[in-house]
Amino acid sequence: MKKKSLASSRAFETFVTDQLSGAGRIFARRMFGGVGLYCDGVFFGLIARDELYLKVDDATRGAFEAEDSRPFKPYADRPVTRQYYAVPLAVLESAPELVRWAERAIAVAGRASPSRRRSSASGAKTAGSDRDRRPNSRRRRVP
């Protein structure tokens, strides 16, 4: 079975990052076919299939569920992840409201993994870079 791509349009990605500009230094990074969103090195959201998802926890999940938001489900044959929920359209279209929701997601993400936080935007650009994650293909394999 062919999996549906997580890719989004550049126009939607630009719209989202523009809407989030009031939340701090936002950095978008392509990953796994979608786009990961970072604020000062904290991974707090993702864009997949022209939809924005924000990080939630037990305290913030209710606001998303009250708006009938769906949890992120990357592929039909994989379970949903209740860590990221779709942002309601009314929130997405209001930059000030989206910034409020994003700030909560950034706080949730910061609490979830404080050891991964970076103090600068340049840290976000290099944090978890592809080079760090790819095995060295030139390395000899030991039989």
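The values are calculated or read from the model by the stated rules, or taken from the named source; none is laboratory data. Everything numeric here is computed off the predicted structure, so don't read it as measured data. Because the Cβ atoms are built from the backbone with ideal geometry, glycine has one as well, and the counts that use them run over all protein chains shown.
Results, tabulated for the structure shown:
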{"item": "Residues of segment 61-111 that turn out to be among the hydrophobic types (A, V, I, L, M, F, W, C), assigned to a helix (DSSP H, G or I) and touching a strand residue (DSSP E or B) at 6+ places or on another chain (Cβ under 7 Å), as a count", "result": "8"}
{"item": "Answer residue from segment 36-95, given it is closer than 21 Å to Thr14 by Cα and among the small types (Gly, Ala, Ser) and is surrounded by the fewest Cβ atoms within 10 Å (Cβ to Cβ) among those", "result": "Ala90"}
{"item": "Every residue from segment 21-60 that is among the small types (Gly, Ala, Ser), farther than 19 Å from Ala90 by Cβ and in contact with a strand residue (DSSP E or B) (Cβ under 6 Å, 6 or more places away or on another chain)", "result": "Gly24, Ala28, Gly34, Gly36, Ala48"}
{"item": "Candidate set from segment 1-21 (those that are in contact with a helix residue (DSSP H, G or I) (Cβ under 9 Å, 6 or more places away or on another chain), surrounded by 14 or more Cβ atoms within 10 Å (Cβ to Cβ) and at pLDDT 90 or above); member that is nearest to Ile106 (Cα to Cα)", "result": "Leu20"}
{"item": "Conditions (1) charged (D, E, K, R); (2) out of contact with any Gly (no Cβ under 9 Å at 6 or more places or on another chain); (3) outside any loop (DSSP other than H, G, I, E, B); number of the one not met by Asp58", "result": "(3)"}
{"item": "Restricting segment 60-84 to residues that are touching a residue at least 24 places away in the same chain (Cβ under 8 Å) and hydrophobic (A, V, I, L, M, F, W, C), the residue that is farthest from Gly110 (Cα to Cα)", "result": "Ala76"}
